[in-house]
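Let me begin by presenting the structure, written as structure tokens, before commenting on it.
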Amino acid sequence: MRNLSLKLLIFEIRKMWTVPILIISGIFTIFGWAGLLLPIIFGAMKPGGIINELDIAQIISGEFKMLVPLLSIFFGAGIISFDMKNGWLRTLMARPVTKAEYVFTKIISATISIFALLLLMGTLPVLIISMFMSIHITFDIWIILAIHILSIFQTMTYIIICIWFSCWLPGFLNIFVLAVWMIVDSISAPIISSFLWDNNLALIISDFMYPSGFREAIESIAGRSSFPTENILWGLASLSGFLTLALFHFSKIQIDKGGE
């Protein structure tokens with residue numbers, strides 16, 4: 001079973017790297033590197049320039065805040081429904097593979113793929129370019145490591161939500177619903193914090209249904225605030241809750257029927 005699980009994981013990772021994903025990843029990588037090179041080219045990052053100090057943790061945190069949800073949408077769109085449509089799920093379930101094993105393989109393979117791109121698009125260019133800057137560089141290895149670890153959990157949360165959506169949404173409709181869900185999150189968060197800050201039920205629903213715990217923990221750590229224990233716990237609660245929903249709904253899928 002271990003050999004089968006490893007083979008399935010490798011296969012899922014290879015299957016995720018489609019031609020569109022390779023093209024989009026290449027474009028994002030080029031823009032990521034260019035966005036860091038332009039200030040250097042125009043002299044903004046040199047003694048006496050506009051930017052006199054650079055905090056590596058803050059830069060990586062800002063990049064991950066944009067990249068994690070964006071890459072999660074690309075890798076999570078139709079992550080279950082496509083396998084049902086093309087019959088791969090039916091073929092796989094005929095082998096000694098459990099539904100839980102299939103779901104966890106999807107989560108791990110997507111998380112590994114996204115994290116590799118985070119390193120390529122975000123971490124690597126920042127570290128390499130910072131070596132050639134003549135301004136003051138703030139580099140705290142432990143804070144940067146914590147940001148990466150929390151980003152892994154944040155990525156897993158988004159992928160699990162994509163899996164949950166994909167259990168009952170066909171194809172790319174998954175992308176639309178997830179995008180709307182993220183927009184509602186960005187709109188409702190300031191409203192709840194400003195007008196419903198004393199409503200415990202509203203706060204609980206917001207913290208659970210819109211999993212911003214890991215993201216807020218990353219921002220807190222990057223800003224050198226107090227250790228974000230509460231944010232991390234809320235992030236873990238959301239991850240566990242959505243994982244339960246994803247596993248429950250996937251267990252209800254009629255594999256033999258297939259199709260979208």
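Brief remarks on what is shown
- Annotation: the residues E12, E101, sorted from fewest to most other C-beta atoms within 10 Å of their own C-beta, follow the order E101, E12.
- Amide H within-cut-off set for T138, under 5 Å, with H built and near neighbours excluded: L54, D55, I56
- Cross-link partners of K252 among lysines (Cα-Cα below 30 Å; sequence separation of 8 or more within a chain): K7, K15, K85, K99, K106
We did not get these values from a lab; they are worked out from the coordinates using the rules stated. Values in this document were obtained by computation on a predicted structure and should not be read as measured data. Neighbour counts run over all protein chains shown; Cβ positions are idealised from the backbone, glycine included.
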